[in-house]
Amino acid sequence: MANILFIYATTDGQTKKISLRLQKVIEQQGHKVTLCSITECSGLDLQSFDKIVIGASIRYGRHSPLVTDFINRNKKLLDSKSNAFFSVNVVARKPEKSRPEANPYLQKFLRRISWNPKELAVFAGKIDYPSYRFIDWLMIRLIIHRDPRFSRDKPPYKSTLWLTFKRPLSDWQDAPAFFFELGADSWRYGMGFYSASKETMDRLRQLIERKPVEFEQMIAFLADQDRFIVEGEQYKRLINPAVSEHLRPWHQRKSVYLACNRLSDRQLFDKELLRELITGFMYIGPYSGEGPTIESLHAFIRNNGHERCGKHHEIYLSDPRRTAPEKLKSIIRQPMQ
């Protein structure tokens, strides 16, 4: 069991709410978590903690100077322990700026300090115009321009709502995850990396370069469907000109995922949405072993209060003429209601 300290600097309470949520999740894993405001942590024995996490919000483009002062005073101690830093800023609501390496406010902050956190994260927070003082309301309106959704006479507005199913791992950002996202006028779902590290993406690039033919075969199923597209921020500079143009949409990514994008319509509020969101169970193994997988799929549907509607579908991703039986890949889909 680890003894973890969370120090937060909050302006409107959102960083504290995020810290409370993280505390709950971590304590469920058997660890001890102490939560403390940056304004009240002077009496803590920092040396007694195994890991120190610092979270801070943005106001007018800057993190609190109290956070900078704390880091400068305790840099040596922070470097001697497991540590992490997360930034709460509304620009993180944009997918292309939701990762630490792509978030401008976090990167600007890191350039201003000498500390190099071992783990980083960003969260979008919340814009609550009705609760702001007039000067704060005016300044933030100027920063994000004249968006009619954010006005003083409107209730709090969330531009995006994410729902992500991630694995309970310490390095979950490097594990593929399913996601469902609601926007102001659109929605989407898919699977991939939320914020893969450069090391993980480098391994993917090495795989593509080492086995281009096999990789093309693996992603060939995308050409036969019109639902998912490959997304994720790309490097502007060409990493390896020798990689074929067909594989560059994967090779050039800073992070990668498959997404199905839809405009908001009646389906979003209809029971048909459930069918739309049915995802296949990836099965790796000989075709003769599919029986137990199908039975498990049926049991999952039954145990969660749903019913099957129609027969299951099998999509074969491997060529049985070229692939060993134990390496055959299939997607098994079961419609339900």
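Some notes on this structure:
- Criterion (under 27 Å from Gln234 (Cα atoms) and small (Gly, Ala, Ser)) met by exactly one of Ser42, Ser48, Ser98, Ser82: Ser98
- Residues of the stretch 25-75 satisfying the condition of being under 23 Å from Ala2 (Cβ atoms) and of a type in the set (Asp, Glu): Glu27, Glu40, Asp45, Asp50
- Hits in the stretch 40-66 - residues which are touching a residue at least 12 places away in the same chain (Cβ under 8 Å) and either surrounded by fewer than 11 Cβ atoms within 10 Å (Cβ to Cβ) or in contact with a Cys (Cβ under 9 Å, 6 or more places away or on another chain) (or both): Leu44, Gln47, Ser48, Tyr60
- Flag for Thr39 being among the hydroxyl-bearing types (Ser, Thr, Tyr) and modelled with pLDDT of 90 or more: yes
- Output for the stretch 1-39, where each listed residue is touching a helix residue (DSSP H, G or I) at 6+ places or on another chain (Cβ under 6 Å) and in contact (Cβ under 8 Å) with a residue 40 or more places away in the chain: Phe6, Tyr8, Ala9, Thr10
- Here is the figure for the stretch 265-278: residues that are over 22 Å from the mean Cα position of the chain (by Cα) and not in a helix (DSSP H, G or I) total 3.
- Residue that is nearest to Ala9 (Cα to Cα) [pool: residues in the stretch 40-92 that are within 20 Å of the chain's Cα centre (by Cα) and among the small types (Gly, Ala, Ser)]: Ala56
- Of the criteria (1) in contact with a Phe, Trp or Tyr (Cβ under 6 Å, 6 or more places away or on another chain); (2) over 27 Å from Pro104 (Cβ atoms); (3) modelled with pLDDT under 80, which one Tyr189 fails: (3)
- Residue count, the stretch 235-247 (criterion: surrounded by 17 or more Cβ atoms within 10 Å (Cβ to Cβ) and either free of Cβ contacts under 8 Å to residues at least 24 places away in the same chain or under 21 Å from the mean Cα position of the chain (by Cα) (or both)): 0
- Some residue of the stretch 67-84 being surrounded by 15 or more Cβ atoms within 10 Å (Cβ to Cβ), touching a strand residue (DSSP E or B) at 6+ places or on another chain (Cβ under 6 Å) and within 30 Å of Arg188 (Cβ to Cβ): yes
- Filter result (in contact with a Lys or Arg (Cβ under 9 Å, 6 or more places away or on another chain) and part of a helix (DSSP H, G or I)) within the stretch 206-251: Gln217, Met218, Trp250, His251
- Residue in the stretch 93-106 that is crowded, with 22+ Cβ neighbours inside 10 Å and touching a His at 6+ places or on another chain (Cβ under 7 Å) present: no
The values are calculated or read from the model by the stated rules, or taken from the named source; none is laboratory data. Here the structure is a predicted model, which means the values were calculated and not measured. Backbone-built Cβ (ideal geometry, glycine too); neighbour counts: all protein chains shown.
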